1. Output the number of residues of the stretch 184-216 satisfying the condition of being among the basic types (K, R) and surrounded by fewer than 14 Cβ atoms within 10 Å (Cβ to Cβ).
2. Out of everything in the stretch 231-276 that is in a strand (DSSP E or B), within 16 Å of the ligand (Cβ to nearest atom) and under 18 Å from T290 (Cβ atoms), what residue ends up being modelled with the lowest pLDDT?
3. Only one of G55, G77, G37 is assigned by TED's automatic domain parsing to the domain that holds G273, crowded, with 21+ Cβ neighbours inside 10 Å, assigned to a loop (DSSP other than H, G, I, E, B) and of a type outside the set (S, T, N, Q). Can you tell me which?
4. Can you tell me how many residues within the stretch 174-202 are among the hydroxyl-bearing types (S, T, Y) and either within 12 Å of the ligand (Cβ to nearest atom) or within 10 Å of G155 (Cα to Cα) (or both)?
5. Only one of T158, T164, T139 is in contact with a Phe, Trp or Tyr (Cβ under 8 Å, 6 or more places away or on another chain), polar (S, T, N, Q) and within 13 Å of the ligand (Cβ to nearest atom). Can you tell me which?
6. Answer with yes or no whether K219 is more than 13 Å from the ligand (Cβ to nearest atom), surrounded by 14 or more Cβ atoms within 10 Å (Cβ to Cβ) and not hydrophobic (A, V, I, L, M, F, W, C).
7. Identify the single condition in (1) in contact with a strand residue (DSSP E or B) (Cβ under 8 Å, 6 or more places away or on another chain); (2) more than 16 Å from the ligand (Cβ to nearest atom); (3) of a type in the set (S, T, N, Q) that S125 does not satisfy, given that it satisfies every other one.
8. Does K103 meet the test of being in the same structural domain as G15 (by TED's automatic domain parsing), surrounded by fewer than 18 Cβ atoms within 10 Å (Cβ to Cβ), basic (K, R) and away from the ligand (no atom under 15 Å from the Cβ)?
Amino acid sequence: MPNEQIENIIIIGSGPAGDTAALYSARADLNPLVIEGMPPGGQLTITTDVENYPGFPNGVQGPELTELFRKQAERFGARFLTGSVTNVDFGSLPFKLTIEDEKNIFSKAIIIATGATAKLLGLKSESRLMGRGVSACATCDGFFFKDKELIVVGGGDTAMEEATFLTKFASKIYIVHRRNEFRASKIMQQRVLNNEKIDVIWNSNVVDILGENDVTGVKLENTISKEISDMPIDGVFLAIGHKPNTDLFKNIIDLNESGYIITKNGTNTNIPGIFACGDVQDWIYRQAVTAAGTGCMAAIDAERFLEK
Ligand code: NDP
């Protein structure tokens, strides 16, 4: 048995899910500790305007919203520790977490809110123009592209879904795909191919995104002829997949074939006392508000577990 203090609840990861779990468990007098992760705050910190989070009729900047979540949780006593969890031992109670390979901390319950990361192309211009015409979330940012011309990169179901969704706003959409056939399900492909607002640019990669302060175009490379061409465009939506941040939990927590944590009966994982919320267990909705909702659920589930 460790000599150190045993926490009631440790929340791994900040962001809408982790911070909401912290708020609810702090208000339940459980004195939660949030291990923020590096960088803290999750995907919202790389978003500019957030217009679909309820309660902000004029919108709010992603980093500001993150700060507000944190302040609200701190007001009720939630504590935040900056650092990454580098190892976990969920084999017996209390659960053990190692921070930065140095310090061990112990807890009676754990809430995992480590999120997911949108896969990026790895271009310098892509990070520079992120939130300025480059986006990885059509639901979040599509509205800003009324009557604009856009490209969607990718050939899976997400690319099909995002392109179809974006037709509500954009005047024209080009799906840029690196092969000559889509990976997406047939029905989603048909929806795209039958939509007159959408054209497909096959066998092509985006090798650069152009623009100083906003996106003005892309450089495309044909994967067969290797020919490079410039294409004027107003926005670039990346839909090349997401990676749930679950490497730490492989072979410990049950994950689905894409690596997302499997939750049952609310936010329960396969280990009693370990809960998961937010994008780390959600490959469908991926919204700040749904993440916050499951964060609330995880705190309530953890509180009930501790009462037992
Ligand atoms: P996928 O992994 O299915 O598809 C990713 C796509 O991006 C592929 O077409 C891939 O090309 C392309 N890609 C990957 N890396 C690069 C790169 N570096 N440069 C260019 N292109 C790249 O991810 P999705 O997010 O589309 O889907 C994930 C899962 O979620 C799937 O199981 C999907 O079915 C599911 N989903 C279901 C939906 C629904 O049912 N409504 C909606 C959205 C997702 P290539 O094909 O050549 O590998």
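The values are calculated or read from the model by the stated rules, or taken from the named source; none is laboratory data. Keep in mind that what you see is a predicted model, and the values were worked out from it rather than measured. No Cβ is skipped: glycine too gets one built from the backbone with ideal geometry, and neighbour counts run over all protein chains shown.
1. Matching residues across the stretch 184-216 total 1.
2. It comes out as H242.
3. G37
4. Here the count works out to 1.
5. T139
6. It is true that K219 is more than 13 Å from the ligand (Cβ to nearest atom), surrounded by 14 or more Cβ atoms within 10 Å (Cβ to Cβ) and not hydrophobic (A, V, I, L, M, F, W, C).
7. (2)
8. For K103, the condition - in the same structural domain as G15 (by TED's automatic domain parsing), surrounded by fewer than 18 Cβ atoms within 10 Å (Cβ to Cβ), basic (K, R) and away from the ligand (no atom under 15 Å from the Cβ) - is met.
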